[in-house]
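Have a look at the structure below before the remarks.
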Amino acid sequence: MSAHPPSGAGKADDELRSVLQRFDVGVVVRRMQAGLDQLPAYTRFSWPEDRGAVVRWNVDLTLRWMINGTAPDEYVRSELHELLRARASAGQPIEDSILVYRRGARMFWDALLDLAKDEDRALLIAQSDTVWGYLEGYLDLVVNVFAQAYADQEDAPSTAGDRRARTLFDRLCAQLPVTIEDRDRAARLGFDLAGPYCPFSAQLAGASVAGHADLASRLRAAGALAFTEGVRVSGLTPPRFNWASFLDDPRLLLAQDPPVARARLGTAAEGLRAMVAIAAGSGRRGRVRAEDFLPELLLANSPDIADRIVRRVFGPLERAEAADLVITLRSLAASGFDSAAAATALPVHRNTLLYRVARIEKLTGLSLREQRDRTLVLLAVTWEAIARDVRPASGEQDDPSR
């Protein structure tokens, strides 16, 4: 791709540059993050790096390009290549990777319009061709770098095995008829297509993407249909699959369901991903069961309701910009609503705590003496802690025929 600004865009004029310079990158990123968290291609893969930091890097780069009119140099492109190659080596399909960036560009534009003042918004709309010229230019750059990064991984045996396993898994979940190609994929992987299948999700605490790719490769060698999802491995095993040697690794966290019908494979897999994320956050290792995390899984299976609970509990406090009350309410929940323990943990005088509780109850309409309202608070705090990692894939579906 040319190192010049995109055709038809030119260097942003002074008015447009002044508008763009007024945006806070962090605020734009937070607005985009809400949309990205609803995108399966973004949420499905678990990454060791801070997702928000990666989004910020891309947003900051794009804004600087539009403001200064200077395209990313070779150093920036090499950083981008390393970032995208990590996705390729982790087995993320290139279609998913590109989709995230394409949707991200739209979310970036929507965030600018939402955050701009009325006069700035009018100018952005008038200059939309210029802004989108830069966005399309950046997308072209990303697609070109993706193509090279994925080509670098194409011949690696582990990458090919991951790709076959992921494709076969998606087709089985979609209940598509078994084809000759599917049988060939299964034969190459040594996986028995006859079923029944036991879905699983696993994670190695502290291991890198490469470490999880190695785990997936060893699982395939043992007869599992396994593929990487960043720092997580998912797939299917026969009912009598021997996990003993893998569970000898004290870092392993494993969630697995008993045999399920093909019609339920996709739903079961999402539940297991959520369970692994929840268990990892609590420091668990070894085998985990759904019974250990029923409240968390209940929230994960009803994210819209969970979001409403958070808004019901914390929304009035946030609108009042009462950060001290938000912290106090979380501390109360963590201490089992023991006011003495919460006052010590904050730390504040007990009278100060009681005054804050009265303000919380007045602003929210909740009674912290009532078990029902306490339950709402506990659910809200729980969902805040796990939402980012366990929000289930919804909305856009993968194309299982790829």
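Some observations on this one:
- Size descriptor, Kirkwood hydrodynamic radius, that averages inverse alpha-carbon separations across the stretch 157-289, Å: 14.6
- For the chain, adding -39500 (n - 2.57) for each run of n ≥ 4 DSSP H residues and dividing by the number of residues yields -20000 deg cm²/dmol at 222 nm.
- Residue order for 95, 321, fewest other beta carbons within 10 angstrom first, comes to 321, 95.
- Assuming charge only on the beta carbon of Lys and Arg (+1) and of Asp and Glu (-1), the dipole of the stretch 303-390 about its Cα centre is about 240 debye to the nearest 20.
- In this simple spin-label approximation, residue 53 and residue 106 carry label points 7 Å from Cα along the Cα→Cβ vector, and these lie 3.0 nm apart.
- Relative contact order %, the chain, counting alpha carbon pairs below 8 Å whose residues are six or more apart: 18
- Rounded to the nearest Hz, the phi-derived 3J(HN,Hα) couplings of the stretch 36-43 under the Karplus curve 6.51 cos²θ - 1.76 cosθ + 1.60 (θ = phi - 60°) are 4, 5, 9, 9, x, 4, 8, 7, where x marks glycine and proline.
- Available extension along the chain between residue 143 and residue 320 is 59.3 nm, counting 0.36 nm per residue and deducting the alpha carbon span.
- Zone residues, the stretch 301-332, relative to residue 358, backbone N less than 15 Å from point 7 Å out along Cα-to-Cβ: none
- Normalised by residue count, the stretch 303-390 yields a Cα convex hull volume of 91 Å³ per residue.
- Counting 0.36 nm for each residue step from residue 61 to residue 27 and taking away their Cα separation leaves a gain of 10.7 nm.
- Evaluated at q = 0.10, 0.16, 0.17 Å⁻¹, the base-10 log of the normalised Debye intensity for the stretch 14-153, with identical point scatterers placed on the Cα atoms, takes the values -0.33, -0.84, -0.95.
- Overall shape: oblate for the chain, with the ratio a/c of the largest to smallest alpha carbon gyration tensor axis at 1.5 or above and b/c at least equal to a/b.
- 16 Å cut-off, amide nitrogen to a point 7 angstrom out along residue 192 Cα→Cβ, residues in the stretch 218-262: 220-226, 236-243, 259-260
Values quoted throughout were computed directly from the atomic coordinates according to the rules given, and no laboratory measurement underlies them. What you see is a predicted model; the values in this text were computed from it and never measured. Here the Cβ is made from the backbone with ideal geometry for all residues, glycine too, and neighbour counts use every protein chain on show.
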